[in-house]
Amino acid sequence: MSRTRLYIVAALVAVFLIAGAVVIYATAHRGASQNLTFNLTVTGGTSMTPSQLSAHQGDNITINVTSDSEGEVHLHEYDIAFDVKPGQTTTHSFKADKTCSCDIEWETTSHPLGTLTVSP
């Protein structure tokens with residue numbers, strides 16, 4: 001086999017290996033939903049820790065909210081209300097069935113607390 005043909009065959013094998021790796025990597029997460037739990041702490045109705053949550057469409061999400069004040073934490077797009085009381089944990093579980101950059105706010109003042117980002 002000539003040296004040129006050998007280089008062409010080697011290049012084609014490399015391209016197929018790289019393409020196969022990309023396809024495997026890209027589909028690896030899509031088929032497997034994750035169970036995610038976020039433990040949020042709201043202080044004074046003005047701040048939340050952590051403030052940035054990330055998930056993928058299809059994930060099963062559980063959010064636990066603890067607050068030092070009575071009120072409502074609202075997750076927009078999914079329209080989920082967490083009625084919180086001081087020192088108690090309020091929990092809600094749901095399937096991330098839509099993509100969004102969903103605002104989380106203290107409902108009575110519309111004060112932004114954070115964001116849940118659901119990616120495809």
Mind running the shape call on the stretch 73-120? Use the C-alpha gyration tensor, a ≥ b ≥ c as the square roots of the eigenvalues: rounded below 1.5 for a/c, prolate if a/b tops b/c, oblate otherwise.
oblate
In nm, spacing of pseudo-spin labels at Asp103 and Lys85 (7 Å Cα→C-beta vector):
2.9 nm
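Each value in this text was obtained by applying a stated rule to the coordinates, not by laboratory testing. Model, not experiment: these values are computed from the prediction. Glycine also receives a Cβ, built like all others from the backbone with ideal geometry; neighbour counts cover every protein chain displayed.
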